[in-house]
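As structure tokens, the structure follows; a few thoughts come after it.
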Amino acid sequence: MKIAMITVTKNDDFRFDEWCKYYNEYKDEIDVHIIVDDASDPEYVNSIKSFFTNSIIIERKVNGGSTAAVNDGIREALKDKDVDAIMVFDNDIKVKKGSFKILYDYLYSDPNLGMVGPLVLKKDSEIIEDFGVNIGWFVNHFLYQKKSLSDVPKGLKMYVDSVPGGISLSKREYYEKIGLQDETIFMYCDERDMAYRTKKGGYKEGVTSDAITWHQHIKCPYQTRRLKSNYLIARNRIYLEKKHFGVFKSFVIAFSTMALSLVFYLRDFFNSSRRIEHTQTMQGVFAGLVGNMSNDNLWY
């Protein structure tokens, strides 16, 4: 057993202290820690180097989004032939002690599994935020979402279409067979892409209630970090439907999303922030249809 953890960061000074605290609580449960800095300011990079003295730190010169940064980490992990499990892990996640070993044992207990994930609770609570998703054409089924931890049977293990985003453990052979993340996406919908590729590659994804985490959602207070998330989610969804299932399904999803967004736009016409969100969604759908996958000027 040798687990390599990959954490992507970019100017996360607003949650750096919490990240360091959580890392000290779980560091003994991982074997290799890889930090990929996605073109942060020099002062922040120096903070990372000062604290994470035993970690492998990759400094990207250009912001490639989460997909390119994660791929840099996976490539680094694969260089170590003894690493047999690769974890992608956000830096605002708190973990119940022993959960990584539980995930590893679950992953290797089933030859069908390529990727597994834990039960994710809302910040410092027992309310479930994410326990895997079954993907539908129009609606995704989030399993046990908003229920209490006590509502989930202990020892529950089940296949899902997609494990919780931001924390997953995969077999080395999984990435060697199906490949790395699609860097065209930049960020958002990468879990959907990997879910589609998991099935095509002959693997399954699964979750276990014995591994427990909390997503603390330490958000940036600075408006300059706002990202056109609605645009990317809508664009990437259309791109992925076309990539995996062809033009027909992408047009069906695009038409449905555009129509619904227009209805919401009219409903929220006098709410400027909501109106902007709906506009971003419609712009994203159009970009996906015409194949505009440029990621320039996404930050503002």
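The values are calculated or read from the model by the stated rules, or taken from the named source; none is laboratory data. On a predicted model such as this, the values are computed, not experimentally measured, just so you know. When we count neighbours, we look across all protein chains shown, and the Cβ atoms used for this are built from the backbone with ideal geometry, even at glycine. Surface areas here come from the heavy atoms of the whole protein model, side chains and all, with no ligands, DNA or RNA. Shrake-Rupley method; radii C 1.70, N 1.55, O 1.52, S 1.80 Å.
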Study note, to complete from the structure: In segment 153-170, anything in a loop (DSSP other than H, G, I, E, B), open to solvent by less than 80 Å² (accessible area, probe 1.4 Å) and either hydroxyl-bearing (Ser, Thr, Tyr) or farther than 25 Å from ILE218 by Cβ (or both) is listed as PRO153, GLY155, LEU156, ASP161
Exercise for review: Of the conditions (1) open to solvent by 30 Å² or more (accessible area, probe 1.4 Å); (2) assigned to a loop (DSSP other than H, G, I, E, B); (3) in contact (Cβ under 8 Å) with a residue 40 or more places away in the chain; (4) not basic (Lys, Arg), GLN145 clears all except one; give me its number.
Suggested key: (3)
Exercise for review: Report, by residue number, each residue of segment 20-36 that is in a helix (DSSP H, G or I) and either in contact with a Pro (Cβ under 7 Å, 6 or more places away or on another chain) or not polar (S, T, N, Q) (or both).
Suggested key: CYS20, LYS21, TYR22, TYR23, GLU25, TYR26, LYS27, ASP28, GLU29
Check your understanding: Are any of the residues in segment 50-57 more than 20 Å from PRO164 (Cα to Cα), of a type in the set (A, V, I, L, M), in a helix (DSSP H, G or I) and out of contact with any Pro (no Cβ under 7 Å at 6 or more places or on another chain)?
Key -> no
**Study point:** Whichever residue in segment 93-110 is of a type outside the set (A, V, I, L, M) and open to solvent by less than 10 Å² (accessible area, probe 1.4 Å) and, among such residues, is nearest to TYR203 (Cα to Cα)
**Key:** PHE100
Practice item. State whether the residues of segment 207-223 include one that is in a loop (DSSP other than H, G, I, E, B), over 13 Å from the mean Cα position of the chain (by Cα), more than 27 Å from PHE14 (Cα to Cα) and in contact (Cβ under 8 Å) with a residue 24 or more places away in the chain. Key: no
Exercise for review: Sort through GLU29, GLU25 and tell me the only one that's more than 19 Å from the chain's Cα centre (by Cα) and open to solvent by 40 Å² or more (accessible area, probe 1.4 Å).
Suggested key: GLU25
Point to revise | Matching residues, segment 1-51, being among the charged types (D, E, K, R) and under 16 Å from ILE218 (Cβ atoms) | key: LYS10, ASP12, ASP13, ARG15, ASP17, GLU18, LYS21, GLU25
Review point. If the Cβ limit is 9 Å and pairs must be 6+ apart or interchain, which residue in segment 72-89 that is within 13 Å of GLN181 (Cα to Cα) and of a type outside the set (Val, Ile, Thr) pairs with which residue that is open to solvent by 40 Å² or more (accessible area, probe 1.4 Å) and not in a loop (DSSP other than H, G, I, E, B)?
Key: ASP72/VAL8; ASP72/ARG60; GLY73/VAL8; GLY73/ILE56
Practice item. Give just the number: which of (1) over 22 Å from PHE142 (Cα atoms); (2) at pLDDT 95 or above; (3) surrounded by 15 or more Cβ atoms within 10 Å (Cβ to Cβ) does LEU227 not satisfy? Key: (2)
Exercise for review: Show the residue pairs that are 6+ apart or on different chains and have beta-carbon atoms under 9 Å apart, the first residue being within segment 256-273 and β-branched (Val, Ile, Thr) and modelled with pLDDT under 95, the second being in a helix (DSSP H, G or I) and surrounded by 15 or more Cβ atoms within 10 Å (Cβ to Cβ).
Suggested key: none
Check your understanding: Looking only at segment 119-139, which residues are closer than 25 Å to ILE178 by Cα and either surrounded by fewer than 22 Cβ atoms within 10 Å (Cβ to Cβ) or under 13 Å from the mean Cα position of the chain (by Cα) (or both)?
Key -> ASP130, GLY132, VAL133, ASN134, ILE135, GLY136, TRP137
